[in-house]
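The values are calculated or read from the model by the stated rules, or taken from the named source; none is laboratory data. It should be emphasised that the depicted structure is a prediction, and the values quoted were computed from it without experimental measurement. Backbone-built Cβ (ideal geometry, glycine too); neighbour counts: all protein chains shown. Only protein heavy atoms, including side chains, enter the accessible area calculation; ligands, DNA and RNA are left aside. Shrake-Rupley method; radii C 1.70, N 1.55, O 1.52, S 1.80 Å.
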Amino acid sequence: MRLTRRQALAGAASGALGAAGVYELVDRLAPSASRPQSSRTSLVEQHLLQGVEVIDDDGVEVLVPPLHHQVVTARVSVGERPAHLRAARDELEGALASLERRFEPTPTGLGVTVAWGLPYFRRYVPGQAARHLPVDRRASGARGRRTRVLIDAVRFPSDPEETILEQNDVAVLLRSDARDHVQEAAKMLFADLGVLRPTSIRKGFAGG
């Protein structure tokens, strides 16, 4: 049963918040976005989703993002020998392919974006990375020196000196209007495989 805004303001949401958490409360409060139908076609870029609603806001087209978002950073937890890495690659590729077969790449299905960081390339494939990582031409021109598209994380000027910067191998972004789709994907990729060891989990909601 959905709650009206009046019920939420009157305190009816407090019980739901305590019992099921803020994310289930969001599902009850937020109306479902109108999502256009999509066709299962291969996407040019993995971060793009089909069937995203576009609304007009004072003459500006605005994309309505999926309601639930989860970002997981992780370290690869396998040996550094080529055989270990190949086996881990095959396991992860199989899990991602399984998710793609089950869920359409839409807000009503599931969006999965995998981003690899410099620590992974330096640890597992340093020679290949040195040869093949692309160069950022604009950044290279601005800095006056060759700059790769991947750079090390840096502290913000407001960060204290004791701030520790994480050295993660990978970050995975999961997006969907359906919270259980995000939960199922997270379980498959991080609990069931044993290839990636999470270092942080960030959950949020937007749009919808």
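Data for the structure
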item	result
Filter result (closer than 20 Å to residue 176 by Cα, in a helix (DSSP H, G or I) and not basic (Lys, Arg)) within the stretch 81-122	95, 96, 97, 98, 99, 100
Among the residues listed as 78, 71, the single one being at pLDDT 80 or above, in a loop (DSSP other than H, G, I, E, B) and surrounded by 16 or more Cβ atoms within 10 Å (Cβ to Cβ)	78
Flag if residue 79 is more than 21 Å from residue 201 (Cβ to Cβ) and in contact with a Ser or Thr (Cβ under 7 Å, 6 or more places away or on another chain)	no
Selected residue (only one of 136, 159, 192, 169 is open to solvent by less than 20 Å² (accessible area, probe 1.4 Å), among the acidic types (Asp, Glu) and over 27 Å from residue 52 (Cβ atoms))	169
Tally, over the stretch 172-189, of residues that are open to solvent by less than 30 Å² (accessible area, probe 1.4 Å), part of a helix (DSSP H, G or I) and out of contact with any Ser or Thr (no Cβ under 7 Å at 6 or more places or on another chain)	3
Positions within the stretch 117-161 being among the aromatic types (Phe, Trp, Tyr) and more than 30 Å from residue 84 (Cβ to Cβ), in sequence order	156
Any hit, the stretch 38-58, residues being among the hydroxyl-bearing types (Ser, Thr, Tyr), surrounded by 10 or more Cβ atoms within 10 Å (Cβ to Cβ) and modelled with pLDDT under 85	yes
Lone unmet requirement of (1) surrounded by fewer than 16 Cβ atoms within 10 Å (Cβ to Cβ); (2) under 17 Å from the mean Cα position of the chain (by Cα); (3) at pLDDT 95 or above for residue 115	(3)
